[in-house]
Amino acid sequence: MALIGKIVLFIVGAFVFQVALSGFSRKVIARIQKRRGPVFWQNFYDIGKLFFKKTSISHGFIFDFGVWMAFGGTVATLLFVPVGPYSVFPGQTNFIVIIYLLAIGSLGMAMSAVGSANPFASIGISRALTQMFGYDVPFALTVVIMIYVHRTSQVAKLAAVQSDIGWHLWVMPLSALVAFIALMAMLGKKPFDTPIAPAEIASGPLVEYSGKYLGMLMVQHEFATFVEVGLFVNLFLGGGSTLLIYLVKYIIVYLLTVIISALMARFRVEQTVAFFWKWPLVLVFIQALIIIGIGIR
Amino acid sequence: MSTLIFIGLAASLLIYAAARLSRPLGALLLMLLSGAGVAALILSWGKGFTETLPLGNGLELTFSLSTFNWPFLLLGAFVLFIVSLFAVNALKEMEHGASFLALLTLIGVSVMGVFGAYDFLTLFIFFELMTWTSFFLVSMGKTGAKKAALIYAFMSMIAAYLMISAIMMIAQYTGSFSYSDFMGMYEAMPSGIRTTVVIFFLAAALIKGGIYPVHFWLRSAHGDAPHVFSPVLSGLLVKYGYYSAFLFLLFFPVMVATKAGITQVTSTDGPNFILAFIGGLSIMAGTVAAILQSDAKKLVAFSSVSHGGYVILALAYGTNMAVAGGLAHIWVHVLTALGMFLSMGAVAYRTGTTDMDEMGGLIKNMPVTFTVYLIAIISVAGIPPLAGFVSKWMIIQALAANGSYILAFMAFFGSIGSFMYVFRPLATIFLGQRPHKFKDVREVPFFMQLAMLIVTLLTILLGIMPYYLLKPFTRIQEFIGMVPVKIGFSTVYSALTQLDMMLIFLVFGGGFLLALVIFLLFSKPTKVEQHEVYTSGEIAPEISTTPEIYHFSKGYYRSFGRLFSRWPSVEAWYHKGAAYISQFFEIIEQSLFKQSINGFIWLAVVVMAVLMAVRWF
C-alpha cells in the first residue's frame with residue numbers, strides 16, 4: 001500500500017512540478033525575446049483543454065497503441081529515477097535500465113507517429129533516431145567512467161557518493177560538459193531540434209496528433225524531461241540530500257538549457273551526429289584518460 | 001548419438017520421398033523429428049555420455065553430450081523445429097522443395113556432428129557436411145543466389161583449409177584428434193605451434209561466424225538465400241563459427257588457467273584483447289552497414305554481423321560476467337534472428353519482395369507478422385523487459401566493471417545504432433502509406449504464424465525469467481571451472497548492481513495500463529483513411545498522398561549515409577583485389593588455354609611431374 005502511495009506521489013509530483021516549470025520556461029523565453037509570455041500555469045490549461053476536446057483523430061490501432069506504449073514506458077522509467085533522497089524501488093535505480101527503458105517510450109512514440117502515414121512524421125522520426133545515435137554514445141560513456149570509478153551502476157549510489165568527493169561537475173568537468181550538451185539534444189532543445197523543426201517539417205512526429213493523443217504525448221514529454229534532467233542532476237550535481245535542494249538544482253539546470261536554446265539556431269541532422277562524434281566523444285576519452293591517470297581526487 | 005546420425009541420414013531420404021508426394025508432409029516429418037530432438041534434449045538435462053563410432057583403419061569418430069554442448073545442441077534442434085514448422089506452408093511454391101527439405105535434414109545431422117563432436121576430425125567432417133549442404137540450399141534462392149552461393153563456398157573453403165591445417169598440426173603433435181588429449185598437452189606444446197593452431201582455428205571460426213572483416217559473404221548469402229533458409233543461416237549456421245571460437249578461445253585457455261588456480265581470465269592478455277577489438281569493430285561496421293541497407297534481408301544480415309561481434313567481444317573479454325553474457329547472447333540472437341528473418345520471409349511470401357522502399361502500411365494486412373517483428377526488434381535493440389536486454393546488460397556490466405572504455409564505446413555504439421536499423425523495416429514495411437498494389441495482401445497461413453509466435457513467446461518469457469536463459473550457461477561456467485554468475489529466478493547480480501527483470505516488466509505493464517485507462521476515460525476518436533493527413537496546406541503532387549506516390553521513406557537514413565560517403569569500404573577493397581587477381585589469371589588463361597588443347601596437356605604434365613617428385617623424394 002505504501003508502495004502504491006509512493007508511486008502515485010511520484011507520478012503526480014513529477015507532473016505538477018515539471019508542467020509548472022515548463023510553463024514558467026515559456027515565460028523566460030518570452031522575456032528573452034522581449035515578449036510578455038503566458039502565465040506559468042498555461043501548460044496545465046493546454047493539457048486539460050486537449051484531454052477534454054470532443055474530437056480527436058485516430059489513424060488506426062498502431063497509432064493508439066504506440067501512444068500507450070510511449071506513455072507507459074516513460075511512466076515506468078520515471079519510477080526508477082531517484083528524486084533527492086527518495087526512490088520508489090531502492091536498490092533498483094540501475095543506470096542502464098533507465099536509459100534503455102526510456103527508449104521504449106521513444107520507440108512507442110516513433111511507431112505511433114510513423115503509423116499515422118504522414119510524410120512529415122516519418123522524416124521527423126528518422127531524424128530523431130539519427131540524432132539519438134549521435135548523443136547517446138558519448139553520454140553513456142560519461143556514465144561508464146563513473147560506474148568504473150565508483151564500482152556501482154546504481155544512480156542513487158552514484159549521487160550519494162558525491163557528498164564525499166565533491167560534485168562530478170568539478171571532479172569530471174569534461175564529462176559534465178559533454179553530458180550537458182547531450183542533455184540539450186535529449187530534450188530536443190535548439191540547436192538540436194531537427195526532429196521537431198516546426199517551420200520546416202510541421203513539428204515532425206507530432207504533426208498528426210490532436211485532442212487527447214496530443215495531451216498524452218505532452219504529458220509523456222514532460223515525464224521524459226523529468227527523467228533526463230533528473231539523471232543529470234543525480235549524476236553530476238550530487239542529487240539532493242533533501243527534496244528542496246534537488247528541485248532547486250533541477251530548476252537551474254532546466255532553465256539553463258532553456259536559455260541557451262533560446263539563443264541558438266538549428267543544426268542539420270548529420271551535422272548533429274558529426275558534432276557529437278567529434279568533440280564530445282574526444283572530450284569523453286580525454287576525461288577517461290585523466291581519470292585513469294590521476295584517479296579520482 | 002551415432003545411431004541418431006544414421007537415423008538422420010535415412011530420414012533425409014525418407015523426407016525427400018515424402019516431400020515428393022506432398023511438401024507439407026515432408027516438412028511435418030522434419031518438424032516431428034527435430035521436435036523429438038528438442039524434447040529429448042530437454043529431458044536429458046544434466047545427463048551426459050561419450051561414445052565412439054569406429055571407421056576402420058584406426059580412425060574413429062567420437063561424440064559426446066555434456067553440459068558444455070547441451071545448449072548448442074538444443075539450439076540446433078530448436079531452429080530446425082521452428083523453420084520446418086514455418087516450411088509446412090512456406091515451401092508450396094518453391095522450385096526444389098523436396099530436395100530443400102532433404103538437405104535441411106542433413107543440416108540437422110551436421111548439427112549433431114559439429115556440436116556433439118568430441119574430437120577434431122568429427123568436428124571437421126560435419127563442418128564440411130554443413131558447408132556443402134548449405135551451398136546447395138543457398139543457391140536455391142532468388143536471382144543473385146548462384147553467385148552468393150559461390151562466394152559462400154569460397155569463403156567456407158578458406159575456412160576449411162585453415163581448420164584442417166590447424167587440426168593436422170594438432171594431430172601431428174598429440175598423435176590423436178581427441179579434445180582431451182589436446183587439452184592435456186596444450187601447455188606442453190611449443191608456443192609457436194600453439195599460436196599457429198589457435199590463430200588458424202580462430203580465423204576459420206571468424207569466417208564461419210561472419211565477423212568483420214571477413215563478413216561479406218553474409219550479405220549476399222543471407223540476402224539472396226531462399227526465405228525459408230535465411231533463418232537457418234543466421235540462426236544456426238553462423239553459430240557453428242561462434243561455437244568453434246568458444247571452444248578454442250575459451251575452453252582451452254580457461255582449462256589452462258583454472259589448472260593454475262585462476263578463476264577469471266581477463267582481456268589484459270594481449271591476444272584476447274585483439275580479438276575483443278575485432279569483435280568490437282564487427283559491431284560498429286555491422287551497425288553502420290545495416291543502417292544503410294535498403295533490402296530488408298540484407299539489413300538483418302548485417303545485424304547478424306553486429307551481433308556476432310558482441311558474442312566474440314564478450315567471449316574474448318573473458319570475465320565470468322562477459323562469458324555468461326556472450327553465451328546468452330548466442331541464444332538471444334537465435335531468437336531474434338529467427339523472429340526477424342521469419343517475419344521478413346512471411347512478408348516476402350505474400351508480397352514477393354524484400355525491398356523496403358517498395359512496401360508500406362502492411363500492418364493492416366499482416367498484424368501477426370508485425371507483432372512478431374516488433375517483439376524481435378525490441379529484443380534486438382536490447383530494450384527491457386525482453387531477452388535481448390539481459391545479455392547486453394551483462395556484457396556492458398562486464399566492460400564497465402573493468403573500465404574498458406573503448407570496448408564499452410563499441411558496445412554502446414552497436415546498441416544505440418541498432419535502434420536505427422531495426423526501426424527502418426518497421427517504418428517502411430509495416431507502417432506508413434500502403435501502396436495500392438498491396439491492398440489485398442493476406443496474413444500468412446496458420447503454420448507460419450505458429451512458428452513465428454513460438455519464437456515471440458520465448459523471447460518474452462526468457463526476458464522476464466532470465467533464470468531459464470542463463471542457467472545452462474552458468475552450468476557451463478561451473479563445468480569449466482569458472483566462477484558462475486549469480487542468478488535468481490528473475491534477477492541477475494553483477495559486481496556493480498542487480499537487475500530484476502520481473503520488476504521491470506511489472507512496472508512497465510502498470511504504466512501501460514495507466515496509459516490505457518487515461519486513454520479510455522476521454523472521448524472516442526474518429527477513425528480516418530490513410531490519405532487524410534496534414535500536408536501543411538500543400539497540394540503539390542510530391543507532398544499529397546496519391547495512390548501512386550505513396551512512399552515517403554525511400555532512402556530513410558540518407559542524411560546519415562552522407563556522413564560515411566567518403567569512408568573506405570572493406571568490400572570495395574576485396575572487389576579491387578578480386579579484379580587484379582582475375583586480370584592476372586586472365587594472362588595465364590590467354591597464354592595457356594585459349595589457343596589450343598596443348599595448354600591443358602602442358603599443365604597436366606607439370607602437375608604430374610610435381611606430384612611424382614613430391615611422392616618420390
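The values are calculated or read from the model by the stated rules, or taken from the named source; none is laboratory data. Every value quoted in this text rests on a predicted model; they were computed, and no experiment measured them. Heads up, the Cβs are rebuilt from the backbone with ideal geometry, glycines too, and the neighbour counts pull from every protein chain shown.
Considering only segment A:106-123, I want to know if a residue exists there that is among the small types (Gly, Ala, Ser), under 30 Å from A:Leu289 (Cα atoms) and in contact (Cβ under 8 Å) with a residue 12 or more places away in the chain. For segment A:106-123, residues among the small types (Gly, Ala, Ser), under 30 Å from A:Leu289 (Cα atoms) and in contact (Cβ under 8 Å) with a residue 12 or more places away in the chain: absent. Restricting attention to segment A:24-57, the residues that are within 30 Å of B:Thr526 (Cα to Cα) and either modelled with pLDDT of 90 or more or part of a helix (DSSP H, G or I) (or both) add up to 10. For segment B:511-533, a residue qualifies if it is under 29 Å from B:Leu469 (Cβ atoms) and more than 7 Å from every other protein chain (Cβ to nearest Cβ), and exactly one does: B:Leu513.
When restricted to residues that are part of a loop (DSSP other than H, G, I, E, B), at the interface with chain B (Cβ under 10 Å from one of its Cβ atoms) and not hydroxyl-bearing (Ser, Thr, Tyr), segment A:75-107 contains 6.
Residues of segment B:417-440 that are within 10 Å of chain A (Cβ to nearest Cβ) and assigned to a helix (DSSP H, G or I): B:Gly417, B:Ser418, B:Phe419, B:Met420, B:Tyr421, B:Val422, B:Phe423, B:Arg424, B:Leu426, B:Ala427, B:Thr428, B:Phe430. Across segment B:274-289, the qualifying residues are those that are within 18 Å of B:Phe341 (Cα to Cα) and touching a Gly at 6+ places or on another chain (Cβ under 8 Å), and the one among them that is surrounded by the most Cβ atoms within 10 Å (Cβ to Cβ) is B:Gly286. Would you confirm whether or not segment B:368-388 contains a residue that is closer than 26 Å to A:Ala117 by Cα and in contact with a Lys or Arg (Cβ under 6 Å, 6 or more places away or on another chain)? No - not one qualifying residue is present in segment B:368-388. For segment A:213-223, the count of residues that are outside any loop (DSSP other than H, G, I, E, B) and either at pLDDT below 85 or closer than 30 Å to A:Arg151 by Cβ (or both) is zero.
For A:Lys54, state whether it is more than 11 Å from every other protein chain (Cβ to nearest Cβ), surrounded by fewer than 24 Cβ atoms within 10 Å (Cβ to Cβ) and either at negative phi or out of contact with any Leu (no Cβ under 9 Å at 6 or more places or on another chain) (or both).
no
Within segment A:263-279, take every residue that is facing chain B (nearest Cβ under 9 Å) and at pLDDT 85 or above and give me the one that is nearest to the chain's Cα centre (by Cα). Across segment A:263-279, the extreme among qualifying residues is A:Val273.
Of everything in segment B:366-395 that is away from chain A (no Cβ under 12 Å) and not aliphatic (A, V, I, L, M), the residue that is surrounded by the most Cβ atoms within 10 Å (Cβ to Cβ) is B:Ser391. Of the residues screened, B:Gly414 is not one that is of a type in the set (Gly, Ala, Ser), within 13 Å of chain A (Cβ to nearest Cβ) and more than 25 Å from B:Val232 (Cα to Cα). Every test in (1) in contact with an Asp or Glu (Cβ under 9 Å, 6 or more places away or on another chain); (2) farther than 27 Å from A:Ile259 by Cα is passed by A:Met1 save one, and that test is (1).
Taking the residues in segment B:19-39 that are free of Cβ contacts under 8 Å to residues at least 12 places away in the same chain and part of a helix (DSSP H, G or I) as candidates, determine which candidate is nearest to B:Thr67 (Cα to Cα). Even if it seems obvious, please write down each step before you answer.
The initial filter retains those residues of segment B:19-39 that are free of Cβ contacts under 8 Å to residues at least 12 places away in the same chain, namely B:21-22, B:25, B:32, B:36, B:39.
Pick out the ones that are also part of a helix (DSSP H, G or I) and you get B:21, B:25, B:32, B:36, B:39.
Details: B:Leu21: 40, B:Leu25: 34, B:Leu32: 25, B:Ala36: 19, B:Ala39: 16 Å.
The extreme case among them is B:Ala39.
The requirement of being without any contact (Cβ under 8 Å) to a residue 24 or more places away in the chain, farther than 23 Å from B:Ala324 by Cα and either in contact with a helix residue (DSSP H, G or I) (Cβ under 8 Å, 6 or more places away or on another chain) or not in a helix (DSSP H, G or I) (or both) is not satisfied by B:Leu106. Applying the condition of being among the polar types (S, T, N, Q) and not in a loop (DSSP other than H, G, I, E, B) to segment B:165-198 and asking which residue is nearest to B:Ser66 (Cα to Cα) yields B:Ser180.
The test for being of a type in the set (D, E, K, R), in contact (Cβ under 8 Å) with a residue 12 or more places away in the chain and touching a Gly at 6+ places or on another chain (Cβ under 8 Å) holds for A:Lys249. Restricting the first member to segment A:126-151 and to residues that are over 10 Å from A:Ser175 (Cα atoms), and the second to residues that are surrounded by 24 or more Cβ atoms within 10 Å (Cβ to Cβ) and hydroxyl-bearing (Ser, Thr, Tyr), the beta-carbon pairs closer than 7 Å and six or more apart or on different chains are A:Ser126/B:Tyr556; A:Ser126/B:Tyr557; A:Arg127/A:Thr194; A:Thr130/B:Tyr557; A:Gln131/A:Thr194; A:Gln131/A:Thr272; A:Gly134/A:Thr272; A:Ile147/A:Ser153. Taking the listed residues B:Ala290, B:Ala314, B:Ala296, B:Ala301, the one that is closer than 13 Å to B:Ser391 by Cα and among the hydrophobic types (A, V, I, L, M, F, W, C) is B:Ala314, with no other qualifying. Here A:Leu247 fulfils each of the conditions (1) outside any helix (DSSP H, G or I); (2) in contact with a strand residue (DSSP E or B) (Cβ under 9 Å, 6 or more places away or on another chain) apart from (1).
One line per residue, one yes/no per condition, for (1) surrounded by fewer than 17 Cβ atoms within 10 Å (Cβ to Cβ); (2) at pLDDT 75 or above; (3) on the phi > 0 side of the Ramachandran plot; (4) more than 28 Å from the chain's Cα centre (by Cα):
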| residue | (1), (2), (3), (4) |
| --- | --- |
| B:Ile487 | no, yes, no, no |
| B:Gln498 | yes, yes, no, yes |
| B:Gly511 | no, yes, no, yes |
| B:Leu516 | yes, yes, no, yes |
| B:Leu521 | yes, yes, no, yes |
| B:Gln530 | no, no, no, yes |
| B:Val533 | no, no, no, yes |
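Checked against the criterion of being assigned to a helix (DSSP H, G or I) and under 21 Å from the mean Cα position of the chain (by Cα), segment A:163-172 has at least one qualifying residue.
Of all residues in segment B:441-454, none satisfies being of a type in the set (Gly, Ala, Ser) and within 13 Å of chain A (Cβ to nearest Cβ).
Considering only segment A:59-103, state which residues are polar (S, T, N, Q) and out of contact with any helix residue (DSSP H, G or I) (no Cβ under 6 Å at 6 or more places or on another chain). Can you show your working first?
Pass one, segment A:59-103, residues polar (S, T, N, Q): A:74, A:77, A:87, A:92-94.
Across segment A:59-103, the qualifying residues are A:Gln92, A:Asn94.
B:Ser84 falls short on exactly one of the conditions (1) surrounded by 22 or more Cβ atoms within 10 Å (Cβ to Cβ); (2) over 25 Å from B:Phe246 (Cα atoms); (3) more than 24 Å from the chain's Cα centre (by Cα), and that condition is (3).
In segment B:487-503, which residues are among the hydroxyl-bearing types (Ser, Thr, Tyr) and within 11 Å of another protein chain (Cβ to nearest Cβ)?
Correct list: B:Thr491, B:Ser494, B:Thr497.
The rows are residues; the columns are (1) farther than 22 Å from B:Leu457 by Cα; (2) modelled with pLDDT of 85 or more; (3) touching a strand residue (DSSP E or B) at 6+ places or on another chain (Cβ under 9 Å); (4) surrounded by fewer than 19 Cβ atoms within 10 Å (Cβ to Cβ).
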{"site": "B:Thr52", "(1), (2), (3), (4)": "yes, no, yes, yes"}
{"site": "B:Phe63", "(1), (2), (3), (4)": "yes, no, yes, no"}
{"site": "B:Phe68", "(1), (2), (3), (4)": "yes, no, no, no"}
{"site": "B:Ala98", "(1), (2), (3), (4)": "yes, no, no, no"}
{"site": "B:Tyr118", "(1), (2), (3), (4)": "yes, no, yes, no"}
